[in-house]
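Peer 1: Just passing along the structure, written as structure tokens.
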Amino acid sequence: MIELHGLTKRYGERLAVDDVTVTVRPGVVTGFLGPNGAGKSTTMRMVLGLDRPTAGTALVNGRPYAEHRDPLRQVGALLEARALHPGRTARAHLLALAATAGLPRARVDTVLELAGLTAVAGTRVGGFSLGMGQRLGVATALLGDPATVVLDEPVNGLDPDGVLWIRTLARRLAAEGRTVFFSSHLMAEMAVTADHLVVMGRGRLVADVPTAEFLHRAGGDGVRVRSPRATELAGLLTGPDVVVESAERGVLLVRGVPAEVVGDRAAQAGIALHELTPVQASLEEAFMALTADEREYRTEEQPA
Amino acid sequence: MTTALDTPRHTATTTGLLRGEWVRARSLRSTWYVLVGSLAGMVLLGLLFTSTADTGGPSGRGGGPPGVDFAQPLTLALAGYNLAQLALGVLGVLLVTGEYTSGTIRSTFAAVPRRWPVVAAKAAVPGALVLVVATAGSLVSYAVGSAVVDGMPGLGEDGVLRVVLGTALYLTAITLLGSALGWLLRSTAGAVATLFGLVFLLPVLGGLLPAGWGPDVVRWLPSSAGGSLLRLTTTADQFAPWTGFAVLLGYVAVGLAAAVWRLRTRDA
């Protein structure tokens, strides 16, 4: 569990993080979304006690990070790609950290295997690809078998295999009851991995909502309809909450009416349909819509 | 997760911190290159100076590194320390700045949020390594020198053992000075340049100061003060051997304390 209360970080005149209050809960994957420079990394660094907040507090599992006697058991973090000494082997990197943190050596082999790096454990990190370095970073984060996992841009530089690995791993860690907090600017990845979203823009909290609700609120779901008599059909679908758009001839995007109703009305009027597809707004669209008008919203209800 | 862990049994301990730094130091090839290179350089330079002593030094003109008295076989045998201090000081710098430039220092601080024990462990481990290697280096240099040149004073003679072992202590202190500079400057180039300036450049520049008060300044420089420990006899312009070494240790202590203070107040 990560609890941020009025968290603020000022660099000179610039507010990198501006009065952020949010709780990241265990058992679900929480995505941390925002454009570059939104303050995501700074927030994560304050959670880890690496940067000092200008104001406010960041609690991890009920305490400030630095007050934990066994910090790596509490939080495992991947904060930047390739925070690895190029001249050291993968195993030496993990062994050193395990010794420093008082963790058993057996954990080193466990996380090497978990990250699929057993075969290259004795290779110097300087020869690693970006993806292998990222896997070692994740292995480092999991070294202490932590209750809370913080991953900053973990899929950066990973091949499709690696992306799938991170996604599966994040979901499994959450299913084990851990708190999983991971940032990305790849919104499509977020949409499939995260159950809950915390969105930041220009240092401020923009949204703290379940992923589905975020998508719904930001544009709502719609139905794509293809018909040779599209214009005629559009006339039948009018209503108070109904919006009908047409981006190309013969294709309608209908919001506010479920697909069943669109199909039934078309059938009643004897209009042939060539396509009837429910579509979800993309996270990208949702995010753009949200940050464009600087709208701010939060929900108090949290997922079970 | 195949290995279940208890909590909070898994916490940073002194032994663990030292072991972690030992793994960090030994897992880099550069550590071994520097240690072996310094050992070899010390012994070979000692051999060069002692074997050419009769003909006035390597250049035949009685030249040599500053501060080397060609009339004293003991000083000749140990003259290689001049080169070794460069390499070992750089080792002290690298073991700290290497963690900064690669970013691994942040995972270390994440494991030890209080941070100051990391500074202590990162001083203790290279310090111990260098103390062992430099002691071997000065003893071997002394033995080689004794075999090559006539008139080498015996280890039992006044001050000789102090000079031989003091060379190792001096080199250890310079390594720790490098470590402190590494913490304070966080950049390899900056810390190495500062170290060279302190150890080599300032004593030379100090020599250009007026004779009236110049020596009073020069003897307070880290390498001049610590260098007193490596002299059989000291002049009125120099600190007494152990006093001088204490001054050098004072610089090391101030440097490391400043490093700890900065870590407390600055973001990692």
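Bear in mind that the values in this text are calculations on the coordinates, not laboratory data. Computed from a prediction, not measured in an experiment: that's the story for all the values here. Neighbour counts are summed over all protein chains in view; Cβ atoms, including those assigned to glycine, are modelled from backbone coordinates with ideal geometry.
Peer 1: Would you mind ranking A:H85, A:H185, A:H93, A:H68 so that the residue whose beta carbon has the fewest other beta carbons within 10 Å leads the list?
Peer 2: Details: A:H85 23, A:H185 15, A:H93 28, A:H68 20.
The most exposed by this proxy come first: A:H185, A:H68, A:H85, A:H93.
Peer 1: Normalising by the residue count of chain B, find the relative contact order in percent from Cα pairs under 8 Å and 6+ residues apart. Before the final figure, lay out the partial values.
Peer 2: Working: 368 pairs, mean separation 54.3, N = 268.
Relative contact order, chain B: 20 percent.
Peer 1: To continue, here is another question. Once the protein assembly as shown is represented by equal point scatterers at the alpha-carbon sites, with solvent omitted, what log10 I(q)/I(0) does the Debye formula produce at q = 0.06, 0.08, 0.11 Å⁻¹?
Peer 2: -0.45, -0.68, -1.00
Peer 1: Taking the Cα centre of chain A as the origin and placing charges on Cβ (Lys, Arg +1; Asp, Glu -1), which of A:L186, A:G122, A:S227 is farthest toward the positive end of the dipole?
Peer 2: Farthest towards the positive end: A:G122.
Peer 1: Can you give me the long-range amide H partners of A:L197? Hydrogens built in the peptide plane at 1.01 Å from N, cutoff under 5 Å, separation of 5 or more residues or another chain.
Peer 2: Correct list: A:G31, A:V209, A:T211.
Peer 1: Viscosity 1.306 mPa s, temperature 10 °C: give me the Stokes-Einstein translational D for chain B in µm²/s, with Rh taken as the Kirkwood radius over C-alpha pairs.
Peer 2: Details: Rh = 19.6 Å.
So the translational diffusion coefficient is about 81 µm²/s.
Peer 1: Could you order the peptides B:19-32, B:236-249, B:128-141 from most to least packed, using the average number of other C-beta atoms within 10 Å per residue?
Peer 2: Details: B:19-32: 19.2, B:236-249: 17.1, B:128-141: 21.1.
Output ranking for B:19-32, B:236-249, B:128-141: B:128-141, B:19-32, B:236-249.
Peer 1: When the Karplus curve 6.51 cos²θ - 1.76 cosθ + 1.60 is applied with θ = phi - 60°, which whole-Hz ³J(HN,Hα) does each residue of the range A:165-175 get, with x for Gly and Pro?
Peer 2: Once θ is set to phi - 60°, the couplings for the range A:165-175 become 4, 4, 4, 5, 4, 4, 5, 5, 4, 5, 5 Hz.
Peer 1: Dividing the alpha-carbon Rg of chain A by 2.2 N^0.38 Å yields what? Please report the intermediate quantities before stating the final value.
Peer 2: Details: Rg = 23.2 Å, N = 304, 2.2 N^0.38 = 19.3 Å.
So chain A has a normalised radius of gyration of 1.20.
Peer 1: Determine, for A:E248, A:E67, the number of other Cβ atoms within 10 Å of each Cβ, and report the residues in order from fewest to most.
Peer 2: A:E248, A:E67
Peer 1: While we're on this one: Rounded to the nearest 20 Debye, what is the dipole magnitude of chain B about its Cα centre when Lys and Arg each give +1 and Asp and Glu each give -1 at the C-beta? Please list the in-between numbers first.
Peer 2: On the way: 17 positive and 11 negative charges, 246 e Å.
Around 1180 debye, computed over chain B.
Peer 1: Under the rule a/c < 1.5 gives rounded, and otherwise a/b versus b/c splits prolate from oblate, where does the range A:221-279 land using the Cα gyration tensor? Could the numbers behind the result be given before it?
Peer 2: Working: a/c = 1.31, a/b = 1.13, b/c = 1.16.
Here the range A:221-279 falls in the rounded category.
Peer 1: By how many nm would the segment from A:R10 to A:V279 grow when fully extended, if each residue of separation counts as 0.36 nm and the alpha-carbon distance is taken off?
Peer 2: 92.7 nm
Peer 1: Residue by residue through A:40-51, how many Cβ atoms from other chains fall within 10 Å of the Cβ on average? Mind dumping the intermediate values first?
Peer 2: On the way: counts 0, 0, 1, 0, 0, 3, 1, 0, 6, 6, 7, 3.
Other-chain Cβ atoms within 10 Å of each residue's Cβ, averaged: 2.
Peer 1: Going by how many other beta carbons lie within 10 Å of each one, how would you line up B:L47, B:L230, fewest first? Write out the running numbers ahead of the final one.
Peer 2: Numbers: B:L47 20, B:L230 25.
Result, fewest neighbours first: B:L47, B:L230.
Peer 1: Shifting gears a bit: Counting helices only, and only those DSSP H runs with n ≥ 4, report the 222 nm mean residue ellipticity of the protein assembly as shown as the sum of -39,500 (n - 2.57) divided by its residues, in deg cm²/dmol to the nearest 500.
Peer 2: Rounded to the nearest 500, the figure is -15500 deg cm²/dmol.
Peer 1: Whole-Hz Karplus ³J(HN,Hα) for the range B:232-247, in order, using 6.51 cos²θ - 1.76 cosθ + 1.60 and θ = phi - 60°, x for Gly and Pro?
Peer 2: Values per residue, Gly and Pro as x: 5, 10, 10, 8, 5, 7, 10, 5, 4, x, 6, 4, x, 5, 4, 4 Hz.
Peer 1: Oh, and also: Which one, A:S41, A:S184, A:S246, has the greatest fluctuation when you compute a Gaussian network model over chain A with C-alpha springs under 10 angstrom?
Peer 2: With Cα springs under 10 Å in chain A, the top fluctuation among A:S41, A:S184, A:S246 is at A:S246.
Peer 1: Right, here's the next one. Hey, got the dipole for the range B:108-224? About the Cα centre, +1 on K and R Cβ, -1 on D and E Cβ, debye to the nearest 20?
Peer 2: On the way: 6 positive and 4 negative charges, 144 e Å.
So the dipole magnitude of the range B:108-224 works out to roughly 700 debye.
Peer 1: In whole Hz, with x marking every Gly and Pro, tabulate ³J(HN,Hα) for the range A:194-211 from phi via Karplus 6.51 cos²θ - 1.76 cosθ + 1.60, θ = phi - 60°.
Peer 2: These are the phi-based 3J(HN,Hα) values: 8, 7, 9, 10, 10, 10, 10, x, 6, x, 9, 6, 9, 7, 9, 9, x, 4 Hz.
Peer 1: Which of the peptides A:108-118, A:147-157 is most tightly packed, and how do the rest follow, judged by the mean count of other Cβ atoms within 10 Å per residue? Please list the in-between numbers first.
Peer 2: Numbers: A:108-118: 19.0, A:147-157: 22.2.
Going by the mean number of other Cβ atoms within 10 Å, highest first, we get A:147-157, A:108-118.
Peer 1: Want the number for A:D264 to A:M1: 0.36 nm per residue separation, take away the alpha-carbon distance, what's left? Kindly include the intermediate steps, with their values, before the conclusion.
Peer 2: Details: separation 263, 0.36 × 263 = 94.68 nm, distance 4.75 nm.
Gain on extension, A:D264 to A:M1, equals 89.9 nm.
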